[in-house]
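**Q** Mind having a look at this structure? Questions to follow.
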Amino acid sequence: MEDDSSSKYLVSKLLGLHTPFYRLRTLNKLFSLDSSLIYVKYEGINPTGTHKDRAARAHVARAIQLGRDTITVGTCGNYGAAISYFARLAGVRAVIFVPRSYENSRVDEIKRNGARVVFVDGTYEEAVMLSSRAAKANEWYDANPGNSTDQVSFEAYSSIAWEIIRDLGDAPFAVGVPVGNGTTLVGIYEGFRRAYREGLATRVPRLIAGTTSLGNQIAVSWSKGSTTPIPLSPSYVRETPINEPLVSYVSFNAEEALRAIYDTNGRVYAFSDEEMLEMSLMLKAVERIPVLPASVASLLALKSFIKEEEVDGSLVAVITGRWRKIKQ
Ligand SMILES: Cc1ncc(COP(=O)(O)O)c(C=O)c1O
């Protein structure tokens, strides 16, 4: 394996970020898993605390390659923090569109990173659309999901799959992913698919999406058995400080995410804020892993999956974000 092009590709994927991989010893017992093992791919140690750093770093690099001096994104916090952090490191200007209602510590962090913050009187989806429009008008690099630079994000998130394969020795039976736009899930899927094609894994895992029960386009489309995104109105969703990374009336990569879920015989499960909060507190208490509550939708999804399906191999939940106090 050492000298072929596949292993060179794998090695190149593994340079740079490599986040921890933990076995959940106590939760394994609580989930009553006998022969299968459950692991966490923990993205909280990334420079700004979430997996968004993977995509942000790649987009800033691409912006530089294309000779763009400004990068823009619409965000509810985490992605904007990541883009502004890597833009500052690289000396690229960042213009971050944020819904006014999201004024929080993440926005302060974006400003401290030297980015220009444009407050939008509207939703996250509107902030993304305004940011994309500004990119076109000003020839800025557009790092938003749902446009021609998507492949950069998918490629960046595919490194999560490669790292899991390296740590586990093969692809797991199923992977749980927290889902908002679906970008992360699609990237992870592409990584596993490529590893399988190149003979570096014996299977493509079943992709299990976890999201909020208060409105997500991928979850709604899935629950209605649709393979294409079902349009939702903004009033369909209810956003809270806990579910904001997951809630969406437009999931900008819904089409690709649904394809990945259907292709792998995956599932989508949706959870209340209380369920996510409770699981995040449990992870912190019994496994000593500090997390952002929304990200444990992945683990909750695997828990639901185990109840419904026969499991044949390891399970991995992608958990992201460091713990921070939620203002009520
Ligand atoms: C912590 C966290 N988890 C999950 C997600 C959802 O990721 P995606 O939009 O790629 O589905 C986000 C998105 O911002 C996030 O910040």
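**Q** For Ile71, what residues show an amide H to amide H distance below 5 Å, using hydrogens built from the backbone and excluding near sequence neighbours?
**A** Answer set, sorted by chain and number: Arg93, Ala94, Val95, Tyr141.
**Q** Using per-residue counts of other Cβ atoms within 10 Å, averaged over each peptide, order 111-124, 265-278 from highest down.
**A** The most tightly packed comes first, giving 265-278, 111-124.
**Q** Separate question: Under a Cβ-Cβ cut-off of 11 Å, what is the net charge of the residues other than Tyr269 that fall near it, where Lys and Arg count +1 and Asp and Glu count -1?
**A** Counting the neighbours of Tyr269, the net charge comes to +1.
**Q** Turning to a different aspect of this structure: Kindly rank 125-134, 46-55, 72-81 from highest to lowest mean number of other beta carbons found within 10 Å of each residue.
**A** Result, highest mean Cβ count within 10 Å first: 72-81, 46-55, 125-134.
**Q** Using amide H atoms built 1.01 Å from N in the peptide plane, name the residues 5+ places from Asn216, or on other chains, whose amide H lies under 5 Å from its own.
**A** Amide H to amide H, under 5 Å and 5 or more residues apart or across chains, Asn216 pairs with Ser248.
**Q** Alpha carbon centre of the range 137-207 versus the range 222-240: separation in Å?
**A** Here the two parts' Cα centres lie 23 Å apart.
**Q** Could you please report the charge total around Leu246, scoring K, R as +1 and D, E as -1 over all other residues with beta-carbon less than 11 angstrom from its beta-carbon?
**A** -3
**Q** Once you've got the GNM for the chain with C-alpha springs shorter than 10 Å, pick whichever of Leu168, Leu283, Leu258 has the biggest mean-square fluctuation.
**A** It is Leu168.
**Q** Now, a different point. Quick query: amide H of Ile38 versus all other amide H atoms, modeled in the peptide plane; which residues come in under 5 Å with a sequence gap of 5 or more or a different chain?
**A** Distant-sequence amide H within range of Ile38: Leu24, Leu315.
**Q** When DSSP beta bridges are limited to those with both residues in the chain, what percentage is antiparallel, rounded to the nearest 5?
**A** 10 percent
**Q** Moving on to the next point. List the relative contact order of the chain as a percent without decimals, with contacts defined as Cα pairs under 8 Å and 6+ residues apart.
**A** Normalised by residue count, the contact order of the chain is 19 percent.
**Q** What does the highest-first list of 20-29, 195-204, 310-319 look like by mean Cβ count within 10 Å?
**A** Sorting 20-29, 195-204, 310-319 by mean packing, highest first, produces 310-319, 195-204, 20-29.
**Q** Report the relative contact order of the range 20-88, percent, no decimals, based on alpha-carbon pairs under 8 angstrom and at least 6 residues apart.
**A** This gives 27 percent for the range 20-88.
**Q** Here's another thing I want to ask about it. When only C-alpha pairs under 8 Å and at least 6 residues apart count, what is the relative contact order of the range 52-142, in percent?
**A** Relative contact order comes out at 32 percent.
**Q** If I model a spin label as a point 7 Å beyond the Cα along the Cα-Cβ vector, how far apart are those points for Asn104 and Leu30 in nm?
**A** It works out to 2.3 nm between the two label points.
**Q** Only helices at least 15 Å long along their own axis, judged from Cα atoms, and with Kyte-Doolittle mean hydropathy of 0.0 or greater: name those in the chain from DSSP H.
**A** Helices meeting the criterion: 78-90, 150-168, 297-308.
**Q** State the dimensionless ratio Rg/Rh of the chain (Rg: radius of gyration of Cα atoms; Rh: Kirkwood radius).
**A** 0.95
**Q** Count charges around Ala257 for me, please; just the other residues with Cβ under 12 Å from its Cβ, Lys/Arg as +1, Asp/Glu as -1.
**A** Neighbour charge sum, excluding Ala257 itself: -4.
Each value in this text was obtained by applying a stated rule to the coordinates, not by laboratory testing. Bear in mind the structure is a predicted one, so any value in this text is a computation, not a measurement. In this analysis, Cβ positions are derived from the backbone assuming ideal geometry, glycine residues included, and neighbour counts consider all displayed protein chains.
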